[in-house]
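> For reference, the structure I am asking about is given below.
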Amino acid sequence: METHLLIVEDELRLAEILQKQLQESGYKADVANDGYVGKRMIEMTDYDLVILDINLPLMNGYELCKEIRKRNNKIPIIMLTALGTPDNKLIGFEAGADDYVLKPFDFRELLARINVFLKRKDVAVSESRKLQIADFELNLDTKTATRAGKKIDLTSKEFSLMETFLQNKNKLLSREFIIEKVWDLDFETGTNIIDVYVNYLRKKVDKDFEPKIIHTKFGFGFYCSETEL
């Protein structure tokens, strides 16, 4: 089946060039030139990945990203924008974006990132692709989480953060390690994105359960364990 991508971009020339390059790379690519049309197209078509600008007419990229996440928590969303401050990135990730590419960009880099997300979607199902600690379980194939048999709804980025914790159980993880693994960014001391997401996870994963499995070692980082290290 042909892989189907959606580009939501109001710069007409850029959208045309990007569509042509993706088609030449073997993908089917549709274009929406404003956020409202992008929302309607996502409601009508089962896309494999969305490339999303932020400064869009009618509905901006942050708003559209949130709307997409209400319908589909698994589709990869790459924000493609000239807004590159730590605050812009934090807002984008909080809205549900999986990646953040700055304009001007090299198409080869964007294509590489697209391929990474699509390969993750195509990984074959295996019974061993489950991570567990205490009564919490993360299924890497169905992208679902449960604790004590209760389903827990995680955003794409929350899922990735929890996956990183579980792959490194009982290990103290620095902020630099986490932000590189989960966000693929150089560490920026001015952003509190990790603290924000750890807090999100605690509310969902630990608040109503025992034992607590997400811990902080102040001045060093975070770790996932059934007991405090």
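> For M41, which of the numbered conditions (1) farther than 25 Å from Y200 by Cβ; (2) surrounded by fewer than 16 Cβ atoms within 10 Å (Cβ to Cβ) fails to hold?
(2)
> Quick check: anything in segment 136-149 farther than 19 Å from K204 by Cα, under 17 Å from the mean Cα position of the chain (by Cα) and touching a residue at least 40 places away in the same chain (Cβ under 8 Å)?
No - not one qualifying residue is present in segment 136-149.
> Pairs only if they're at least six apart or on different chains, beta carbon under 8 angstrom, first in segment 34-63 and farther than 18 Å from A97 by Cβ, second of a type in the set (K, R); list them, first residue then second.
E43/R71
> What's the total number of residues in segment 156-182 that are touching a helix residue (DSSP H, G or I) at 6+ places or on another chain (Cβ under 8 Å) and open to solvent by 40 Å² or more (accessible area, probe 1.4 Å)?
Here the count works out to 2.
> Additional query: Check segment 81-98 and report whether any residue there is more than 19 Å from the chain's Cα centre (by Cα), open to solvent by less than 50 Å² (accessible area, probe 1.4 Å) and either at pLDDT below 90 or under 20 Å from L22 (Cα atoms) (or both).
Among the residues of segment 81-98, not one is more than 19 Å from the chain's Cα centre (by Cα), open to solvent by less than 50 Å² (accessible area, probe 1.4 Å) and either at pLDDT below 90 or under 20 Å from L22 (Cα atoms) (or both), which makes the answer no.
> Further question on the same structure: Suppose we filter segment 49-91 for residues that are in a helix (DSSP H, G or I) and farther than 18 Å from Y36 by Cβ; how many remain?
Qualifying residue count for the region: 6.
> Ok, one more. Can you tell me which residue is most open to solvent (accessible area, probe 1.4 Å) among those in segment 9-35 that are in a strand (DSSP E or B) and of a type in the set (D, E, K, R)?
It comes out as K28.
> Please state which one of E63, E43 is in contact with a Lys or Arg (Cβ under 8 Å, 6 or more places away or on another chain) and either modelled with pLDDT of 90 or more or acidic (D, E) (or both).
E43
Conditions (1) modelled with pLDDT under 95; (2) within 20 Å of the chain's Cα centre (by Cα); (3) over 23 Å from I91 (Cβ atoms); (4) of a type in the set (D, E, K, R), marked per residue:
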position	(1), (2), (3), (4)
R13	yes, no, yes, yes
Y27	yes, no, yes, no
K39	yes, yes, no, yes
L56	yes, no, no, no
M59	yes, no, no, no
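> For residues in segment 66-101 being polar (S, T, N, Q) and touching a Lys or Arg at 6+ places or on another chain (Cβ under 8 Å), which is nearest to E9 (Cα to Cα)?
The extreme case among them is T81.
The values are calculated or read from the model by the stated rules, or taken from the named source; none is laboratory data. These figures come from a predicted structure and were not determined experimentally. Here Cβ is always computed from backbone atoms with ideal geometry, including for glycine, and neighbour counts include all displayed protein chains. The protein model used for the area step is the full one, side chains on, heavy atoms only, and it has no ligands, DNA or RNA in it. Shrake-Rupley method; radii C 1.70, N 1.55, O 1.52, S 1.80 Å.
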